[in-house]
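The values are calculated or read from the model by the stated rules, or taken from the named source; none is laboratory data. Computed from a predicted structure; not experimentally measured. Glycine gets a Cβ as well: all are built from the backbone with ideal geometry, and neighbour counts include every protein chain shown.
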Amino acid sequence: MALTEQQMREIIIADRRKKKMRRRRRRKYTFFISLFLVLFFVIGLYRNRDVLAPPKLDRGVIFIDPGHGGHDPGSQTKSRKEKDDTLRIALQIKKELNKKNFKVYLTRENDRFTERIKIGKMANRKKAKLMVSIHRNKAGDPRAQGVEVFLPKDDNPKSRYLGKQIMKQLHDEGFAKRRVRSGTLVSENNEYDELSVNKMPSCLVEIGFISNKHDNKLFDKNLKGNAKAVANAIEKTYSHYYEKDKKSKKDK
Ligand SMILES: [Zn+2]
């Protein structure tokens, strides 16, 4: 059957229209795919900005001591050891402090033992401006919970300020408050070895009880938040004592 001229024209027009639609659709897809790729790339850059522009680390040295290690597990329960908890959170605190441009030294970054008396000496050698020793508590009574902070026995105001800030910030993360006090658990006239020879403000913080379910949950589920809390407390103390001039200059 032969087509009339009119029919032929209609077929050609319909064909052209189809091609046009297809081209339009293709253009639309290309646009969205390109947009997606660009977004993907930008988000990737944003997330890796620390790699592209490493923190300057020009704000002074902070010394963090992940308590215990190696043959000394610290407090233990059936399922966990204090030395693992302290290392886990200390590494995270380091990350958070690096983001704030602090240079951070840790007593250890793996499962290693250091004599407690040597820890303060290490902090002195690194010329640390502040030092925090991280521990976890344990009690016979499984109901015992909360944060406890120990200061050097001279109870110097800078160490007390640091300890109070840490207590406050961790309390904001849900931990119960116990005490900020000088000396050791058994004696006010004694002090923990790691706080006895260091020259900078320092404290030892027990981040909850390893023997308390609630504290362990708070510790595990919010590891990053807790690390941030400690880092914020350190930053606040640091700027309070070491960046006063900078602040007042900025204010002028
Ligand atoms: Zn301990």
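Out of the residues in segment 57-80 that are surrounded by fewer than 10 Cβ atoms within 10 Å (Cβ to Cβ) and away from the ligand (no atom under 16 Å from the Cβ), state the one that is nearest to the chain's Cα centre (by Cα).
D58
Tell me which of these C203 doesn't satisfy, since it passes every other one: (1) crowded, with 18+ Cβ neighbours inside 10 Å; (2) closer than 21 Å to D85 by Cβ; (3) modelled with pLDDT under 95.
(3)
Which residues, taken from segment 136-165, are under 17 Å from D65 (Cβ atoms) and not in a strand (DSSP E or B)?
Those that are under 17 Å from D65 (Cβ atoms) and not in a strand (DSSP E or B): P152, S159, L162, G163.
Given the criteria of a type in the set (A, V, I, L, M), touching a residue at least 24 places away in the same chain (Cβ under 8 Å) and in a loop (DSSP other than H, G, I, E, B), does A123 qualify?
In short, no.
Test of understanding: among G163, G146, which residue is modelled with pLDDT of 95 or more, within 22 Å of the chain's Cα centre (by Cα) and either surrounded by fewer than 17 Cβ atoms within 10 Å (Cβ to Cβ) or at positive phi (or both)?
G146
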